[in-house]
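K.L.:
Please read through the structure below; I'll follow up with questions.
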Amino acid sequence: MELSAIQRRTVSSLLDTGSGRPVSSGLAGLLRDRIEEGIRPFLPALRGSARLPPGPLRLAKERLNELARCEGLFHADLLGERAPFVHSDASAAGTLAHKSIELDVATADPAEPPALAELAAARLERDRQFGPYWQSLDPGSRADLRARAARSVEQFRTSFPPIRALRRRLAPVSEQWLEARFGGGALRVVGKVDLLLNAARGGRSTRVLIDLKRGRPWAEHAEDMRLYALLHTFRCGIPPYRVATFFLSSGEWQPEDVTEETLHHAAQRVIEGVAAAARLGEGTPQLRPGRHCVRCPRSDTCPASAVQPDLPGRLG
């Protein structure tokens, strides 16, 4: 099959995993045991906490990133102090673009990008968050979001080999939810991968996990992908070969080949998240000021806040 130079680069530098990588026997079990042992001392505090919402503690990439920024922000989120999520123009555009690409990967018959964006919008109208936002827009704003989603589909097609024609070889899966439970159900760790490519080959590591982004790189992107690699290991018993954040606007990506060290690092972040949740209400959290203070619900009263009290929303 004839590919463009950009598509060939994606195949050779991102998707090509050769014959795969051998996997240490029992790696998934070893990682699970590490997390179970690591969180065991904190389970009584979690189960006996009157402040935490009932049910299991839920950790996803957003909360683990909040903890890395500031424990106070992490605690505020656990306690439900942050305002409920409401779509903005940027977030709605990203959601519609992701849905359009998901349909492009999943549908058997080819469709033009505008048609995919139209179909994606119709599907998302039933979404409890996207639907109300979409209904609030005027026709021109809806058309603009659909056009941006169609451009994202074009950028995706330009960058990747034809997924539909290579379905057997690439074994694509899009928008894949992954979940692992620990502590007898006291902890749920969840994540959703935008795209998984490369067919499994016996017991060897071959999969490539990809997160598609419309914006610019952030340091947290690498941590997000490591968490996905960990969850994939628990779900499939075999870690992915590589993870990458792919930026549609530039066609560039941030890759990382997955090693046992990568997975142990991700497991340790999960343990630290449980430990921080168990410290809720015990003394002063570890406060670290930064740009995140702007969206923290405690910024007006936090002694470490980087927001100037006389200039709301401005950093000091």
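Read-outs: derived from the displayed coordinates by stated rules, not from any lab. Computed from a prediction, not measured in an experiment: that's the story for all the values here. Cβ sites come from the backbone with ideal geometry, for glycine too, and all protein chains shown count toward neighbours.
K.L.:
Could you work out [θ]222 nm for the chain from helices alone, using -39500 (n - 2.57) per DSSP H run of at least four and dividing by all its residues? Round to the nearest 500 deg cm²/dmol.
P.N.:
Calculated mean residue ellipticity at 222 nm is -13500 deg cm²/dmol.
K.L.:
I need to check one value: relative contact order of the stretch 100-254, counting alpha carbon pairs closer than 8 Å and at least 6 residues apart, in percent.
P.N.:
Relative contact order comes out at 18 percent.
K.L.:
P(r) for the stretch 89-166: what percent of alpha-carbon pairs falls in each 5 Å bin, starting at zero?
P.N.:
Distribution as computed: 3, 17, 30, 25, 13, 8, 4, 1 percent.
K.L.:
Continuing with this model, one more query. Can you figure out the FRET efficiency of Glu62 with Arg8, using R₀ = 25 Å and their beta-carbon distance, to the nearest 0.05?
P.N.:
For R0 = 25 Å, the calculated efficiency reads 0.10.
K.L.:
Next question. Sort Tyr133, Tyr228 so that the residue with the fewest other Cβ atoms within 10 Å of its own Cβ comes first and the one with the most comes last.
P.N.:
Tyr133, Tyr228
K.L.:
Follow-up question, since we're still on this one. May I ask which residue of Leu231, Gln254, Leu78 lies farthest towards the positive end of the charge dipole of the chain, with charges of +1 (Lys, Arg) and -1 (Asp, Glu) on Cβ and the Cα centre as origin?
P.N.:
Leu231
K.L.:
Relative contact order of the stretch 89-166, please, whole-number percent, based on alpha carbon pairs below 8 angstrom and at least 6 residues apart.
P.N.:
Averaging sequence separation for qualifying contacts and normalising by length gives 43 percent for the stretch 89-166.
K.L.:
Moving on. Quick test of the membrane-span-like rule: which DSSP H helices of the chain reach at least 15 Å along their long axis (C-alpha atoms) with mean Kyte hydropathy at least -1.0?
P.N.:
Passing helices, by number: 27-39, 89-106, 113-124, 139-159, 220-236, 260-278.
K.L.:
Would you mind listing how long the chain runs along its three principal axes, going by Cα atoms, in whole Å with the largest first?
P.N.:
That gives 62, 56, 35 Å along the principal axes, largest extent first.
K.L.:
A follow-up question, please. Positive end of the charge dipole of the stretch 159-316 (Lys, Arg +1 and Asp, Glu -1 on Cβ, about the Cα centre): tell me which of Pro303, Cys293, Leu263 has its Cα farthest that way.
P.N.:
Leu263
K.L.:
Could you grab the relative contact order for the chain? Cα pairs under 8 Å, six or more apart, rounded to a whole percent.
P.N.:
For the chain, the relative contact order is 24 percent.
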